[in-house]
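**Q** Take this structure, written in structure tokens, and hold onto it; I'll ask about it next.
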Amino acid sequence: MSVVYLVNQYSTEAELTEEWRAAMARHLPEMAFQVWPDEVSDLEQVRYALVWKPDAGVLCRFPNLRFIQSLGAGVDHLRSDGALPQGVPILRMTEDGLTRSVTECALLAVLALHRDLPLYLERQARQEWLQDTPKIAPMRKVCVFGLGPIGRSVATRLADLGFVVSGWSRTDKQFDSRVRVRHGEETLKAALQESEIALLLLPDTAATRNLFNAERLAWLPRGAYLVNLGRGAILDESALLAALESGQIASAWLDVYHKEPLPQGHAFWSHPRVVMMPHIAGITYVETAAQAVAEQIKRAERGEPLTNYAADSASRTP
Ligand code: GLV
């Protein structure tokens, strides 16, 4: 039996592949690790697939797959594959390195907007010395939209810093008595109304696409701040630009976009009140990730329930 490593975006990064090979050998020495396509001779031997942006139709060539493990937190990169094998669970990457990485970026973004960094950078460019009295964390309401392992880590750290933290998710997820959690679409308005800083960490699914459109951005308090570290598709970019223009949103911190890389000339590149990062908030770290994947494989081998379940390939919902 074997694990197949099926990674498109990084296919030229031989070094990363070798890192994965070595880390998986440390955690699961008895399991062969084969890089697609060169090293796979017997498709029936393959039980587990580690994937990032695999070519459409490839995964259904392995008849004995027990699960498909995304190498990132998101599983939306599998959506374009109309021929995923039926009924094979798809696991999202949940690993300590990735959670820490997004948490650090979220804290950076929230603190920067909370203390008006874009405004002070504009003033610096104009050599303008102007002192406003800043709010401190207990005066600031932050809402985290998306309460998976990453959202919960971010919300907990923000509460540690003293922010007034709430959270919103599609299903009920209570996890910390300091964080008021709302769930379900009927509570979205109330959650947005109390988001001086709205921090988006939702995945791209049929239910979240364009969730933050013009109507919903108008529910934020005037002059709110917006951070999107989830997926570009959940936010209407034209509506965001209009909200920045009208002052409904004071400034935004973005890591993800509808089209990546963000096209040259896009308004975000030069917008004075947008801080942009090139989709690097959350990176998967091989050592911790290999440990997390090995844990799932061991569970599957022992017949125990898998965790980190994102979707079932038969349900076609990723
Ligand atoms: C990054 O966006 C990921 O899905 O891990």
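**Q** Can you work out ³J(HN,Hα) from phi for every residue in region 65-70, in order, using Karplus 6.51 cos²θ - 1.76 cosθ + 1.60 and θ = phi - 60°, giving whole Hz and x for Gly and Pro?
**A** Listing the rounded values in order: 5, 9, 7, 10, 9, 6 Hz.
**Q** Which whole-Hz couplings ³J(HN,Hα) result when phi for each residue of region 156-161 is put into the Karplus expression 6.51 cos²θ - 1.76 cosθ + 1.60, θ = phi - 60°, listed in order with x for Gly and Pro?
**A** Along region 156-161, the couplings run 5, 5, 5, 5, 4, 7 Hz.
**Q** Probe radius 1.4 Å, ligands and nucleic acids left out: which of 237, 287 has the largest accessible area, and how do the rest follow?
**A** Sorted by accessible area, descending: 287, 237.
**Q** If amide hydrogens are placed 1.01 Å from N in the peptide plane, which non-local residues have theirs closer than 5 Å to the one on residue 253?
**A** 226, 227, 228, 275
**Q** Where does the charge balance sit around residue 143 when Lys and Arg score +1, Asp and Glu -1, over other residues with C-beta under 13 Å from its C-beta?
**A** Result for the local shell: +4.
**Q** Quick check for me: using +1 on Lys/Arg Cβ and -1 on Asp/Glu Cβ, what's the dipole size of region 169-229 about its Cα centre, in debye to the nearest 20?
**A** 40
**Q** Something else: Could you work out which residue, out of 40, 181, 286, moves most in a Gaussian network model of the chain, that is, has the largest mean-square fluctuation with Cα springs under 10 Å?
**A** 40
**Q** Would you list which lysines come within 24 Å of residue 259, measuring only between C-alpha atoms, while excluding same-chain residues fewer than 8 positions from it?
**A** Qualifying lysines at Cα under 24 Å: 53.
**Q** Can you list residues from other chains, or at least 5 along the same chain, whose modelled amide H is less than 5 Å from the amide H of residue 33?
**A** Under 5 Å from the amide H of residue 33: 3.
**Q** Still on this model: Please sort 112-125, 133-146 by packing, taking for each peptide the average over its residues of neighbouring beta carbons within 10 angstrom, highest first.
**A** Ranking the peptides 112-125, 133-146 by packing returns 133-146, 112-125.
**Q** A further question follows. Say the dipole of region 137-208 comes from +1 at the beta carbon of Lys and Arg and -1 at that of Asp and Glu; which of 199, 171, 137 then lies farthest toward its positive end?
**A** Toward the positive end, the furthest listed residue is 137.
**Q** Determine the relative contact order of the chain: mean sequence separation of Cα pairs under 8 Å and six or more apart, normalised by residue count, in whole percent.
**A** On the way: 588 pairs, mean separation 61.3, N = 318.
Relative contact order comes out at 19 percent.
**Q** Helix 286-302 versus the longest principal axis of the chain: what is the Cα-based angle in degrees, 0 to 90, to the nearest 10?
**A** In the chain, helix 286-302 runs at an angle near 50 degrees to the longest axis.
**Q** If you average 1/r over all unlike Cα pairs in the chain and invert the result, what Kirkwood radius do you get in angstrom? Before the final figure, lay out the partial values.
**A** Details: mean 1/r = 0.0478 Å⁻¹.
Mean inverse Cα-Cα distance, inverted, gives 20.9 Å.
**Q** From the phi of every residue in region 26-31, what ³J(HN,Hα) in whole Hz does the Karplus formula 6.51 cos²θ - 1.76 cosθ + 1.60 yield, where θ is phi - 60° and glycine or proline is x?
**A** So the Karplus estimates, Gly and Pro as x, are 5, 7, 9, x, 7, 9 Hz.
**Q** Show 24, 1 ordered by accessible area, largest first, where the area counts protein heavy atoms only and the probe is 1.4 Å. If you can, show how the numbers build up before the last one.
**A** Working: 24 10, 1 80 Å².
If we order 24, 1 from most to least accessible, we get 1, 24.
**Q** Rounded to the nearest 20 debye, what is the charge dipole size of the chain about its Cα centre when +1 sits on each Lys and Arg Cβ and -1 on each Asp and Glu Cβ?
**A** 1000
**Q** Please report, in debye to the nearest 20, how large the charge dipole of region 96-276 is about its Cα centre when each Lys and Arg carries +1 at its beta carbon and each Asp and Glu carries -1 there.
**A** The dipole magnitude comes to about 300 debye.
The values are calculated or read from the model by the stated rules, or taken from the named source; none is laboratory data. For clarity, every value in this text was computed on a predicted model and none was experimentally measured. Note: ideal-geometry Cβ built from the backbone for every residue, glycine included; neighbour counts use all protein chains shown. Surface accessibility is based on the protein's heavy atoms, side chains included, excluding ligands, DNA and RNA. Shrake-Rupley method; radii C 1.70, N 1.55, O 1.52, S 1.80 Å.
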